[in-house]
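Undergrad: Take a look at this one; I'll ask things after.
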Amino acid sequence: MTAFLRFLINGVSLGSVYAIIALGYTMVYGIAKMLNFAHGDVIMVGAYISYCGMQYWGVPPVASILTAMVVCTVLGITIEGLAYRPLRQAASLAVLITAIGMSYLLQNVALMIWGANPKTFPQTFINGASLNVGDMSISSATIITILANVLIMVALTLFTAKTKMGKAMRCVSEDRGAAELMGINVNRTISVTFAIGSALAAIAGVLLCSSYPILQPTTGSMPGIKAFTAAVFGGIGSIPGAMLGGVLLGVIEIFGKAYISTELGDAIVFAVLIVVLLVKPSGLLGKPMREKV
Amino acid sequence: MKKLLALVMAAMMLLSVTAVLAEDASIKIAVIGPFTGPAANYGLACQYGAQVAADEINAQGGMQIELICVDDEHDPEKSVNAYTYAMDKGAQMIAGTTTTSPCLAVSAQAYEDRVFMLTPSASSDLVVADKDNMYQICFQDPQMGIIPADMIAEKKLGTKIAIIYNISDDYSTGIYEAFKAEAEKVGLEIVSVTTFTEGDTDYKTQVDKAMTAGADLVFLPIYYTPASMILRAAKDINYAPVFFGVDGMDGILALENFDASLAEGVILLTPFSAFDTDETVVNFVEKYTAVSDGVVPNQFGADAYDAVGALYQACVNAGITGDTAAEDACELLIDQFSTMEYTGLTGTMQWDETGAVNKLPAAYVIQDGAYVPLDK
Amino acid sequence: MKMTKAKRNRLIYNVVTFALVIIAFFVLQSMIDAKTITRSLKGQLVPICCWIVMAVSLNLVVGISGELSLGHAGFMSVGAYTGAVVSGLLLNVYQIEDASARLAIAIVAGGLMAGIVGALIGIPVLRLRGDYLAIVTLAFGEIIRNLVNVLYIGTGDGRLYMSFLTKKLPEGVVMLVDGAKGAVKIKPISTFIAGFILVLITLAVVLNLINSRAGRAIKACRDNRIAAESMGVNVTKYKMTAFVTAAVLAGMAGALYGLKSSTIVPTQFTFNQSINVLVFVVLGGLGNVLGSVISATFLTILPETLRAFADYRMLVYAVVLILVMIFTNNPTIRSFVNRLIAPFKKKESTPGGDAQ
C-alpha cells in the first residue's frame, strides 16, 4: 500500500511537471492555432537563464526566476514576431516546420553558449526540503509544482474570462477573421499569448529542473513531446484539460513502469493515450468538434 | 585551338604544382563523434582529448599531425557521411567514432575501403568483430560486465543486487547482459532489474523498485548523466545501498555544480582518473581544461588522447608520412597495432588479434569528491 | 477544351518528374563510372533515394490525403527490421548468395510488413481528425520503436528464433535483431540502382494513384470531407488506401535503408526522424510530388555541404530552414518574387493543381 502511494506521489510529481509545460502548449495552440514545437526549448532556455542567475551572477533564486521569465518573454515575442508572424496567412504546416527549425536553432545556440557538459540544477527553496508522512517523503518541489499549476490554471482561467485582453484571446481563438472585423488587434493578441506562454515556460523550466536536476541543451525536447501529448490527451486548447492530461500522463507513466514493465514504459503511456482518444476523439476535456456543412 | 589547348595544359600543370606545394607532410587523422545533439558531451570530450594530444605532438616538432574533426550527431547515416567527408578531405586514418552504432556503420565502410580505424570509446565487441582494420582503446562491454560481477562476489560488496540500465543504449544493454550471465555463474542474487530510455526524466520508480526489493548493491552500467539523477532520487527516499558503476560513470564529478556528497561511496571501474597525481595526468588535465572551457576530462577525453598518441607512435614506427595513401597506411598500421605496446594515460596497452585492447581497469571509490583506489 | 488542358498539364508534370529523376540517375551513374564523384556524395546516394521515397509517400498522406502523420519513421523501421531479418534468413538458412535477389525479396517483405502494420494502425487512426490524428500517429511511431527495442530474433539450425522482452534464444544462434543493439551484422547489399528503381516505382505508384479515380476521391475528402461523403465517396476506404500505400512505400524505403548499413538501431527511427521527413514534404510543397523529390535531395545534402561551417553547421541549417520556410510561404515575399520573375516566366499554370 505504501509502495502504491509512493508511486502515486511520483506520478503526480512527474505529471505536474508535464502539466505546467502542457499549459504553455495549450495556450498557444488555443489562440494561435499552431503547434509550437519550440516550446520545449524555450523551457530549456528558461532553466539555463535561472541557472546562470543563481550560479554565475549571484542573484537570489526568486530574482533569477524572474529574470528567466523576462528573458523568455522577450524571446517568445521575438520568435513569434520574426518567425511565426510572417507566416500568419500560410498553411499551418509551414508554421509547424518553422517552429521545428526554431527548436533546432535554440538547441544549437544553447550548445554554443553553455556547452554540452550537463549542469546540475542547484538546490533552492523549491527542492530543498521534503515533507515526511509516515515512511513516505514528498519533495517540496512536487508540492510547489502542484501549487504553481493550480495557481497558474486559476490565473489563466480568470485572465481569459475577465480581462479585456483575455476576452480578445478567446475571440481570436473562436474566429480570427471575425475578431479582426470587430476591431481586435490579432497580431498583438497573439504576441501577448506568446509572451504569457513563454513566461510560463520559464517557470516550467525551473520546476522541471528542480525535480529532475539535469540541465543540457536537449533537456526540453523529450518533456516537450510528452507535454504536447498530455495537452492533446486533456483536450488541446483547454486549460484545465492540460492540467488533467499532464497529471494523468505522469501517473500512467509511473504506474506502467512500476507495475507492468519499465522496458515498455513509453509504449504503455502511448497505448493508453490511443485508447482514450479513440473513446473520446477530442481529448478528455476538449470541446467536441462541430461539423458544419 | 592549339593555343587554347596549350593554355589549358599550362593552367593544369600550374594547378598540379601548387597542389603538390600545398601538400604539407602532416599526417591527417579524422576524429568523428557527436559534437551536437544529445550525445554531444561524449563526442566533444573525445575531440578535446584528441586536440590536446595533437597539440602536444606538434609542439615537439618532428612529424606533424592534423586533425579533421567531423560531427556525426550520434547517427549511423550521418556518421558514414562524416567519414566520407573526412576521406574527401584527405584523412589517412580514423580516430573514432565515439559512439557504438555509428562506429559499426562506419567501420563496415572503412573495412571495405581499407582505412584504419582506432575508436577511443565505441565499446561493443561487435565493433571489432571480423574487421582486421578496426581497433579499440576502450574496454569491451562484456569485460565491463564480467569484472564487476567477479569483484562483487569476491569482495562481498553486496548480497542482493539491483540493476538499472538504459534499454535504448547498446553500451548499457551489452554490459547488463554480460553482468547477468557472470552473476549467475558466480552465484550473485539479482533481485531487481529495471530500465529507462534515453531522454527519460523520472528515475524515482526504478530506484524505488530496487529499494522495495531490498537490494543492498545497485549496479549501474550507464553513463554519468542519468546516474547523477539516480543518485539524487535514492537520496530523496533515504535509500543508501552501495552503487557500483563502470567506465561510463567516470565524469560524474565533473558535472557542473554536482553535489559530490551524493556520489560518496560510489564504486566505479575506469581506466583513467583525473585525480591521479601522476605528472602526465596532471599535465593532461591542465591542458584539457584549457580547451574544454574548464570541464575536467573523463575517460572519453583520456581514451581519445591515447588514440591519437597510439596512432602517432604507430605511424612513426611504420614510417607513415602525410604522403602515404590511406590504403597503404591501413596495412602498415595493422602490422604495428598487432605487435606494438603503447603506454598512455589509460595504462599500458596491447591489442589482441581481433583488435580488442588488453589493459587493466582500476576500481575506485568516490570519497570526499575524489577517486580513491578501492583496495586502499 | 478545358479537360484536355488540365490533362496535358498533368502529363507534362509527370513526364518532367520522371525525366528529371532519370537524368539525375544517369548523370550520377556516369560520374560513378568515371570516378569523378566525391566519396561524400557517393555515400549519400542510397540514403537520398530512401528519403525521396519516404518524402513522396508521406506526401501522399499529408499533402494528398490531408492527414498530418507524425509517425512515418515507424513504418520505415518496420521495413528496415523486416528487411534485415529476411535478408539474414535468406542468407543464413536458405543460403541464397545472390545479393540482388535477397535485396529484392527483402524490400518486398519490408513493404508488405509495413503495409500490414499500416493497415492495423490505420483502422483506429483514421477515425480521428486533425491534431488528434497527428498525436496518435506519433504515439504509434513511439510504440513501434519501443517494441523493436525489446525484440530478439536470430537464426540457427536452419530455423528462425524469436523472443520478446527478454533474450531467450538458445546458445549458438546467430543474432539478427538484438534488442537495443538493433539489427546487427547486416550484410550491406543496397545499391544505388536498386534505390533508383524504388524511386521510379514510388513515383509511378503515387502519381498514378493521384491521377486515378481513387486519387480524386482522396483529394475530395481532403478538401471537404462532408461534401465528399454526401456524394457517396467512401471516405474511410480511400483514406485507408492512401495511408496503407504510404506505409508500404515507407517500409520498402526502410528495407533499402537498413540494408545499406551494417547495423540499424531503434534510435534512428524516432519522432525526430518522422519530423525530418515531414520537413521534406512541407518544404517541397504539399501535394507536390516533384517538390518532395527535390527537397528530400536538397535537405539531405545540405547538412553535408554545410560541414565547412564546422561548429556552426547545425545552427546554419536551422537558420536556412526557417528562412526558406518564410521566403516560400510569406504572401508578401511570394508576390514580390512573382512580380520579379513574371517578365521572364511564360504563362503556365501550377502543374497538377495539387499544391496548396
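Undergrad: Would you check which residues across region A:3-23 are closer than 13 Å to residue A:226 by Cα and away from chain B (no Cβ under 11 Å) and list them?
TA: Within region A:3-23, A:16, A:19, A:20, A:22, A:23 meet the criteria.
Undergrad: Here's another thing I want to ask about it. Looking at residue C:109 and the list (1) in a helix (DSSP H, G or I); (2) more than 27 Å from residue C:211 (Cβ to Cβ); (3) within 13 Å of another protein chain (Cβ to nearest Cβ), which single condition is not satisfied?
TA: (3)
Undergrad: Considering only residues that are part of a loop (DSSP other than H, G, I, E, B), among the hydrophobic types (A, V, I, L, M, F, W, C) and more than 7 Å from chain A (Cβ to nearest Cβ), which ones fall in region C:121-153?
TA: Passing the criteria: only C:126.
Undergrad: Additional query: Go through C:332, C:305 for me and flag whichever is in a helix (DSSP H, G or I), of a type in the set (S, T, N, Q) and facing chain A (nearest Cβ under 9 Å).
TA: C:332
Undergrad: Going through B:355, B:301, B:309 one at a time, which residue ends up being outside any strand (DSSP E or B), touching a Lys or Arg at 6+ places or on another chain (Cβ under 9 Å) and surrounded by 14 or more Cβ atoms within 10 Å (Cβ to Cβ)? Step through it out loud before you land on a result.
TA: Values: B:301 fails: touching a Lys or Arg at 6+ places or on another chain (Cβ under 9 Å); B:309 fails: touching a Lys or Arg at 6+ places or on another chain (Cβ under 9 Å).
Just one listed residue meets the conditions, B:355.
Undergrad: Is at least one residue of region B:32-50 at pLDDT 95 or above, closer than 19 Å to residue B:330 by Cβ and more than 14 Å from chain A (Cβ to nearest Cβ)?
TA: Yes, the conditions are met somewhere in region B:32-50.
Undergrad: How many residues are surrounded by fewer than 23 Cβ atoms within 10 Å (Cβ to Cβ) and touching a helix residue (DSSP H, G or I) at 6+ places or on another chain (Cβ under 7 Å) if we restrict to region B:86-114?
TA: Residues meeting the conditions: 3.
Undergrad: Looking only at region A:121-140, decide whether some residue is within 14 Å of chain B (Cβ to nearest Cβ), more than 19 Å from residue A:39 (Cβ to Cβ), part of a helix (DSSP H, G or I) and not acidic (Asp, Glu).
TA: Looking through region A:121-140, at least one residue is within 14 Å of chain B (Cβ to nearest Cβ), more than 19 Å from residue A:39 (Cβ to Cβ), part of a helix (DSSP H, G or I) and not acidic (Asp, Glu).
Undergrad: I need the full set of residues from region A:80-96 which are of a type in the set (A, V, I, L, M), surrounded by 17 or more Cβ atoms within 10 Å (Cβ to Cβ) and at the interface with chain C (Cβ under 7 Å from one of its Cβ atoms), in order please.
TA: Those that are of a type in the set (A, V, I, L, M), surrounded by 17 or more Cβ atoms within 10 Å (Cβ to Cβ) and at the interface with chain C (Cβ under 7 Å from one of its Cβ atoms): A:83, A:87, A:90, A:93, A:94.
Undergrad: Of the residues that make up region B:76-88, is at least one polar (S, T, N, Q) and either more than 12 Å from chain C (Cβ to nearest Cβ) or assigned to a loop (DSSP other than H, G, I, E, B) (or both)?
TA: no
Undergrad: Given the residues C:117, C:46, C:61, which is the only one that is at pLDDT 90 or above and touching a His at 6+ places or on another chain (Cβ under 9 Å)?
TA: Within the list C:117, C:46, C:61, the selection yields C:61.
Undergrad: Please verify whether residue A:283 is crowded, with 19+ Cβ neighbours inside 10 Å and either among the polar types (S, T, N, Q) or touching a strand residue (DSSP E or B) at 6+ places or on another chain (Cβ under 8 Å) (or both), treating the condition exactly as stated.
TA: Values: crowded, with 19+ Cβ neighbours inside 10 Å: yes; either among the polar types (S, T, N, Q) or touching a strand residue (DSSP E or B) at 6+ places or on another chain (Cβ under 8 Å) (or both): no.
Considered against the rule, which asks whether it is crowded, with 19+ Cβ neighbours inside 10 Å and either among the polar types (S, T, N, Q) or touching a strand residue (DSSP E or B) at 6+ places or on another chain (Cβ under 8 Å) (or both), residue A:283 comes out as no.
Undergrad: Find the residue count for region B:204-256, including only residues that are in a loop (DSSP other than H, G, I, E, B), under 27 Å from the mean Cα position of the chain (by Cα) and either among the small types (Gly, Ala, Ser) or surrounded by fewer than 23 Cβ atoms within 10 Å (Cβ to Cβ) (or both).
TA: Summing the residues that are in a loop (DSSP other than H, G, I, E, B), under 27 Å from the mean Cα position of the chain (by Cα) and either among the small types (Gly, Ala, Ser) or surrounded by fewer than 23 Cβ atoms within 10 Å (Cβ to Cβ) (or both) in region B:204-256 gives 1.
Undergrad: Does residue A:27 satisfy being buried (at least 18 other Cβ atoms within 10 Å of the Cβ) and either over 19 Å from the mean Cα position of the chain (by Cα) or within 14 Å of chain B (Cβ to nearest Cβ) (or both)?
TA: Against the criterion (buried (at least 18 other Cβ atoms within 10 Å of the Cβ) and either over 19 Å from the mean Cα position of the chain (by Cα) or within 14 Å of chain B (Cβ to nearest Cβ) (or both)), residue A:27 does not qualify.
Undergrad: Then there is this: Within region A:103-116, can one find any residue that is away from chain B (no Cβ under 14 Å) and either over 18 Å from residue A:28 (Cβ atoms) or surrounded by 20 or more Cβ atoms within 10 Å (Cβ to Cβ) (or both)? I'd like the intermediate steps shown before the answer.
TA: Of all residues in region A:103-116, those away from chain B (no Cβ under 14 Å) come to none.
Checked against the condition, which is being away from chain B (no Cβ under 14 Å) and either over 18 Å from residue A:28 (Cβ atoms) or surrounded by 20 or more Cβ atoms within 10 Å (Cβ to Cβ) (or both), region A:103-116 yields no hits at all.
Undergrad: Let me ask something else. Restricting to region C:154-186, name every residue that is within 11 Å of another protein chain (Cβ to nearest Cβ) and assigned to a strand (DSSP E or B).
TA: C:164, C:175, C:178, C:183
Undergrad: So if I check each of C:48, C:32, C:37, C:64, which one is in contact with a Gly (Cβ under 6 Å, 6 or more places away or on another chain) and within 14 Å of another protein chain (Cβ to nearest Cβ)? Give the derivation first.
TA: Working: C:48 fails: in contact with a Gly (Cβ under 6 Å, 6 or more places away or on another chain); C:32 fails: in contact with a Gly (Cβ under 6 Å, 6 or more places away or on another chain); C:37 fails: in contact with a Gly (Cβ under 6 Å, 6 or more places away or on another chain).
Exactly one of C:48, C:32, C:37, C:64 is in contact with a Gly (Cβ under 6 Å, 6 or more places away or on another chain) and within 14 Å of another protein chain (Cβ to nearest Cβ), namely C:64.
Undergrad: Turning to a different aspect of this structure: So, residue B:199, is that one at pLDDT 90 or above and either among the small types (Gly, Ala, Ser) or within 17 Å of the chain's Cα centre (by Cα) (or both) or not?
TA: No; evaluated as a whole, the condition is false for this residue.
Undergrad: If I go through region B:261-294 residue by residue, how many of them are within 11 Å of chain A (Cβ to nearest Cβ) and out of contact with any helix residue (DSSP H, G or I) (no Cβ under 6 Å at 6 or more places or on another chain)?
TA: Final tally of qualifying residues: 2.
Undergrad: Mind checking whether some residue in region C:283-298 is touching a residue at least 60 places away in the same chain (Cβ under 8 Å), closer than 27 Å to residue C:84 by Cα and surrounded by fewer than 24 Cβ atoms within 10 Å (Cβ to Cβ)?
TA: Taking every residue of region C:283-298 in turn, at least one turns out to be touching a residue at least 60 places away in the same chain (Cβ under 8 Å), closer than 27 Å to residue C:84 by Cα and surrounded by fewer than 24 Cβ atoms within 10 Å (Cβ to Cβ).
Undergrad: Any idea which of C:181, C:185 is touching a Leu at 6+ places or on another chain (Cβ under 9 Å), buried (at least 21 other Cβ atoms within 10 Å of the Cβ) and farther than 30 Å from residue C:27 by Cβ?
TA: After applying the criteria, what remains is C:181.
Undergrad: Right, next: Go through (1) among the small types (Gly, Ala, Ser); (2) surrounded by 19 or more Cβ atoms within 10 Å (Cβ to Cβ); (3) within 14 Å of another protein chain (Cβ to nearest Cβ) for residue C:194 and report which single condition fails.
TA: (3)
Undergrad: In addition: Among the residues of region A:34-48, are any more than 8 Å from every other protein chain (Cβ to nearest Cβ), more than 27 Å from residue C:326 (Cα to Cα) and touching a residue at least 60 places away in the same chain (Cβ under 8 Å)?
TA: There is at least one residue in region A:34-48 that is more than 8 Å from every other protein chain (Cβ to nearest Cβ), more than 27 Å from residue C:326 (Cα to Cα) and touching a residue at least 60 places away in the same chain (Cβ under 8 Å).
Undergrad: Quick one: is residue B:111 over 20 Å from residue C:259 (Cα atoms), without any contact (Cβ under 8 Å) to a residue 60 or more places away in the chain and in the same structural domain as residue B:46 (by TED's automatic domain parsing)?
TA: Answer is no for this residue.
Undergrad: Give region B:141-182 a look and list any residue that's assigned to a strand (DSSP E or B) and β-branched (Val, Ile, Thr), or say none. Quick ask: steps written out before the conclusion?
TA: Let us first name the residues in region B:141-182 that are assigned to a strand (DSSP E or B), namely B:160-166.
Answer for region B:141-182, where residues must be assigned to a strand (DSSP E or B) and β-branched (Val, Ile, Thr): B:161, B:163, B:164.
Undergrad: I would also like to ask the following. Go through the residues of region B:75-86 one by one and say whether even a single one is within 15 Å of the chain's Cα centre (by Cα) and not acidic (Asp, Glu). Explain how you work it out, then say what you get.
TA: Initial filter on region B:75-86 (within 15 Å of the chain's Cα centre (by Cα)): none.
Looking for residues that are within 15 Å of the chain's Cα centre (by Cα) and not acidic (Asp, Glu), one finds none in region B:75-86, hence no.
Undergrad: Of the residues in region B:257-290, how many are crowded, with 16+ Cβ neighbours inside 10 Å and part of a helix (DSSP H, G or I)?
TA: Qualifying residue count for the region: 8.
The values are calculated or read from the model by the stated rules, or taken from the named source; none is laboratory data. Worth saying up front: this structure is predicted, and the values here are computed from it rather than measured. Glycine also receives a Cβ, built like all others from the backbone with ideal geometry; neighbour counts cover every protein chain displayed.
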